[in-house]
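Data block below; observations after.
The values are calculated or read from the model by the stated rules, or taken from the named source; none is laboratory data. The model shown is predicted, which means the values in this text are computed figures rather than measured ones. Note that each Cβ is placed from the backbone with ideal geometry, even for glycine, and that neighbours are counted across all protein chains shown.
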Amino acid sequence: MKKTLFTILKIILPLGIGVYLTWFFISRLSEIELDNLKIAFVQADYIYLIYGIIIMLLSHMSRAYRWRYMLEPLGHKPNFWKMYHSIMIGYVINLTIPRSGELARAGYYAKYEKSAAAEKVFGTIIVERIIDVLMLGIVFMITAYLQKDIDALNSIKESAGGGIPVWIYYVVGGLFIAGLAVFFILKKVKEKILELFTGILEGVKTILKLKQRTAYIGHTVFIWVCYVGMIWVCSFALPETAGLEIAAVFAAFVVGAAAITATPGGIGLYPLLVATVLTDLYGIENAGSFSMLAWSALTLFTIIFGLLSLITLPIISKKQA
């Protein structure tokens, strides 16, 4: 009962913050802006949003194929569709608790790929996240080079953490200290954790055993080009944002990425930050409508394809058994 209650709280809390930020974003809109938002959703050229979704799908498929290069050194032959569906399940679970999708992805893949150990699989995902951070750093440097007012952009990006109550950080810190105490006091727990970390470390080491390094780098670049490209393509859905200049596209992507990290799927915060940066730095009219359209398309895609993967993964695994 307590475990169930804790799980519910872990889901409700981040979603509650996101719902609050969505309300905050909409409540800031004037009556004219609200009318523009309604008109935008009716009159938007959805073909460009569909193109954006296709680009995101290609990036996820590329990520699945790239993951194969890291799983092969673990001693089994990974199946592309199992990898792809595990990734999509991870993304949809990220919409509840930020970053929990990585654990879910490793767990689901190991569950349906019997030859894979979950902790080793998770180690490969840790490496992937490190590479993602490096790529985000590169994208940010490109963004900084293109911006006329980088200080203003940094100020907007840093506000991503502003929607999270301070007491949450104290709770996380307290749980971390309690976890350390349990680790050092209970011998069985300590042995289990050390065994887990040994497996994770073995998964991390696969980056040193890559055979197709050029292909791995190529997929990495392609994935991140798709991420930025999705913003640019979706901008054509509305006349006010059609053909955003490249600096604006990069700026919108960077603050959007910060929002997705701070709240589940960027709920509430993504439209707020993207609209702010496009309005304040580039004077784009109706930026709020564009940010809501882009976020809605991305989130709807994640939910639909993630749920489909939850249904499909057990079916294809049973057929291959």
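State all residues of segment 295-321 that are buried (at least 17 other Cβ atoms within 10 Å of the Cβ) and among the aliphatic types (A, V, I, L, M); if no residue qualifies, say none.
The answer is Ala297, Leu298, Leu313.
Within segment 267-302, which residues are under 18 Å from the mean Cα position of the chain (by Cα) and at positive phi?
Listed by number, the list holds a single entry, Gly268.
Can you find a residue in segment 235-251 that is hydroxyl-bearing (Ser, Thr, Tyr) and touching a helix residue (DSSP H, G or I) at 6+ places or on another chain (Cβ under 6 Å)? First the steps, then the outcome.
Residues of segment 235-251 that are hydroxyl-bearing (Ser, Thr, Tyr), as a first pass: 235, 241.
When the remaining residues are screened for being touching a helix residue (DSSP H, G or I) at 6+ places or on another chain (Cβ under 6 Å), the result is 241.
There is at least one residue in segment 235-251 that is hydroxyl-bearing (Ser, Thr, Tyr) and touching a helix residue (DSSP H, G or I) at 6+ places or on another chain (Cβ under 6 Å).
Kindly provide the set of residues from segment 111-123 that are assigned to a helix (DSSP H, G or I) and either in contact with a strand residue (DSSP E or B) (Cβ under 6 Å, 6 or more places away or on another chain) or at pLDDT below 85 (or both), ordered by number.
If the condition is that a residue be assigned to a helix (DSSP H, G or I) and either in contact with a strand residue (DSSP E or B) (Cβ under 6 Å, 6 or more places away or on another chain) or at pLDDT below 85 (or both), then Ala118, Glu119, Lys120, Val121, Phe122, Gly123 are the ones that fit.
Please determine, by comparing only the residues of segment 224-242 that are outside any loop (DSSP other than H, G, I, E, B) and among the small types (Gly, Ala, Ser), which one is modelled with the highest pLDDT.
The qualifying residue modelled with the highest pLDDT is Gly229.
Please list, ordered by first then second residue, the pairs with beta carbon atoms under 8 Å, 6 or more apart or interchain, first in segment 216-243 and closer than 21 Å to Ala257 by Cβ, second basic (Lys, Arg).
Cβ pairs passing all conditions: His219/Arg63; His219/Arg66; Thr220/Arg66; Ile223/Arg63; Ile223/Arg66.
Cβ-Cβ distance below 6 Å, separation of 6 or more or different chains: which pairs start in segment 300-316 with a residue that is in contact (Cβ under 8 Å) with a residue 12 or more places away in the chain and end on one that is in a helix (DSSP H, G or I) and hydroxyl-bearing (Ser, Thr, Tyr)?
Thr302/Tyr91; Gly306/Tyr91; Leu313/Tyr112
Based on this model, can you work out whether Trp81 counts as modelled with pLDDT of 85 or more and over 19 Å from Phe222 (Cβ atoms)?
Against the criterion (modelled with pLDDT of 85 or more and over 19 Å from Phe222 (Cβ atoms)), Trp81 qualifies.
Could you check segment 40-76 and list, in sequence order, the residues that are of a type in the set (Gly, Ala, Ser) and over 17 Å from Trp224 (Cβ atoms)? Walk me through it before giving the result.
So the first thing to find is which residues in segment 40-76 are of a type in the set (Gly, Ala, Ser), and the list is 40, 44, 52, 59, 62, 64, 75.
Listed by number, the residues that qualify are Ala40, Ala44, Gly75.
Do the conditions hold for Phe253, that is, is it at pLDDT 90 or above, assigned to a helix (DSSP H, G or I), within 14 Å of Leu278 (Cβ to Cβ) and of a type outside the set (Gly, Ala, Ser)?
For Phe253, the condition - at pLDDT 90 or above, assigned to a helix (DSSP H, G or I), within 14 Å of Leu278 (Cβ to Cβ) and of a type outside the set (Gly, Ala, Ser) - is met.
For the list (1) of a type in the set (Ser, Thr, Tyr); (2) crowded, with 21+ Cβ neighbours inside 10 Å; (3) more than 28 Å from Arg105 (Cβ to Cβ), I need the number of the one condition that Tyr282 fails.
Only one criterion is unmet by Tyr282, namely (2).
Would you confirm whether any residue within segment 163-180 is surrounded by 13 or more Cβ atoms within 10 Å (Cβ to Cβ), at pLDDT below 85, part of a helix (DSSP H, G or I) and in contact with a Leu (Cβ under 6 Å, 6 or more places away or on another chain)?
Yes, there is a match, as at least one residue in segment 163-180 is surrounded by 13 or more Cβ atoms within 10 Å (Cβ to Cβ), at pLDDT below 85, part of a helix (DSSP H, G or I) and in contact with a Leu (Cβ under 6 Å, 6 or more places away or on another chain).
Check segment 86-106 and report whether any residue there is touching a Pro at 6+ places or on another chain (Cβ under 6 Å), of a type in the set (D, E, K, R) and modelled with pLDDT of 70 or more.
no
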